[in-house]
Each structure stands twice: as structure tokens, then as C-alpha cells.
Amino acid sequence: MEQRTYNQYCATARTLDLVGERWTLLLIRELLTGPKRFGDLQAALRGLGTGLLSARLKHLEREGLAHKITLPAPARTPAYALTEAGEELGPAVLALARWGMTWAMGERRDAEAFHPGWAVLGLRACFDAEAAAGLHAVYEFRVGDEVFHARVADGAVETLHGPAQTPDATVTIGEQDFLDLVGGVERKGLAEAVASGAATATGDAEALRRLKDLFRLPARRSRTA
């Protein structure tokens, strides 16, 4: 597949030459949360055909943004992971996510896919480092059939797919109720969801008390006057 170019000697243009094609940044988004098998990527990116997915992965490999690995035991299956250059796109992707939460999100459209696991990156985008000062806690989130967790360590955060070994606090909520927390025009708060029975929050009281300040969704704004 011929690679298109802006033919501009400009850092922004050169970057868009590498990651500006459709689906490419979403592949980066998926790989920012850890290595993925081909099938994992296909399942997460509904609408991306097998042929185009293969082409985009070959492009990322050719340009030094991703490479093939073998997952450790017990899986021992081929997968794709980001290189150092690919990982350094993380702040740009998180900035795009924060911008989207402010200026682009609204009610979910009928044809739009949603995976609760996308919140693994969303938690990083919403993390308030100042609010996490002095806190060391592990939070596990069980959203529908998906489980992910966040490790907070004195102003830093690491978010990962899968359960935590020893969570300090656990939040359990259904997928639609989770969407009511993070999406839609009028977002609900976790305390409201717990009070209504839509969610449960268990574990260390201090960790739970500070949770509401750790991950702050930006206020929505309209792009039109």
C-alpha cells in the first residue's frame, strides 16, 4: 500500500505522515495498554478489516513504531508491542483523549461500539497527580465482563488490564451504568451510582474517599457559540 505524504519539512507533518492514516492512532491506543495479539486488535477495532489491519501493522513495524513479540508463558503466542518511539506517542494520545472528553463527546450514537477496557487509557488521561500526592493504593474496577486496575503511587499512576493481586479498593458496576458515569450529556457521580445500587465500592475507606479526586473528567464545552 502506497504511503501518502504531506511533502512538508515540518515535524507535525512528518508525524502525521507516520500516524495520520485512518485506524493508525487507534492501533497505537490499543498497544499503549500492553502487547496485543492480532485477534485482540481485531476484536477491539470493529470495522477494521483483516487486510487493512495487517497493512497498518506492517506500516507500524516498517516505521519502527511497533514490533512482533512472543507473549510469555502460558500464552506463548505471537503479539504486537510498541517500540520506544511508539510508547512516546502516549502523551499525544492522552492529550487527544482529554480534548475529546471536553470538546467531542456527547450521547453515544446507535452505531458506536464501546469497550469498558478503553477506560484503562482513559484513567491515565483523567488522572490528577496533585490529588494523588502521598497516596499509595491499588484500585480494581469490574465493569461488566471486563476487569482492570490502577496503581497509584504518590502522584504517579499505572493502569493495566486484568485484576489486581491485592486491591485496596474495588468498584463493581454494569457496563451501561459505567457509561452513565463517563458518557452522556449529564454524567452521574460514583457516589450516586452506589447510593442507587447501580454500583458497589468496597475496601479501604480512605482509598475510597480519595478516589473521586484522583480521576477527574474535564468539564464539557461546546464547539459552537
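Go through (1) within 14 Å of the chain's Cα centre (by Cα); (2) part of a helix (DSSP H, G or I) for Thr33 and report which single condition fails.
Status for Thr33: all satisfied but (2).
Condition check: over 25 Å from Ala150 (Cα atoms) and at pLDDT 95 or above. Does Thr83 satisfy that?
no
In the range 191-202, is there at least one residue being out of contact with any Phe, Trp or Tyr (no Cβ under 6 Å at 6 or more places or on another chain), within 27 Å of Ala95 (Cα to Cα), in a helix (DSSP H, G or I) and open to solvent by less than 70 Å² (accessible area, probe 1.4 Å)?
no
Which of the following residues is of a type in the set (Lys, Arg), in contact (Cβ under 8 Å) with a residue 24 or more places away in the chain and in a helix (DSSP H, G or I): Arg108, Arg56?
Just one listed residue meets the conditions, Arg56.
Consider Arg76 carefully, then state whether it is more than 14 Å from the chain's Cα centre (by Cα), open to solvent by 50 Å² or more (accessible area, probe 1.4 Å), closer than 24 Å to Leu181 by Cβ and not aliphatic (A, V, I, L, M).
So Arg76 fails the test.
Output yes when any residue across the range 61-71 is at pLDDT below 95 and open to solvent by 70 Å² or more (accessible area, probe 1.4 Å), and no when none is.
Of all residues in the range 61-71, those at pLDDT below 95 come to 71.
Next, only the ones that are open to solvent by 70 Å² or more (accessible area, probe 1.4 Å) stay: none.
No, the range 61-71 contains no residue that is at pLDDT below 95 and open to solvent by 70 Å² or more (accessible area, probe 1.4 Å).
Within the group Val152, Val120, which residue is surrounded by 17 or more Cβ atoms within 10 Å (Cβ to Cβ) and not in a helix (DSSP H, G or I)?
That would be Val152, the only listed residue that is surrounded by 17 or more Cβ atoms within 10 Å (Cβ to Cβ) and not in a helix (DSSP H, G or I).
The values are calculated or read from the model by the stated rules, or taken from the named source; none is laboratory data. Keep in mind the model is a prediction, meaning the values are calculated, not measured. All Cβ positions, glycine included, derive from the backbone under ideal geometry; neighbour counts span all protein chains shown. Each accessible area value is taken on the protein alone, full model and side chains, heavy atoms only, with ligands, DNA and RNA left out. Shrake-Rupley method; radii C 1.70, N 1.55, O 1.52, S 1.80 Å.
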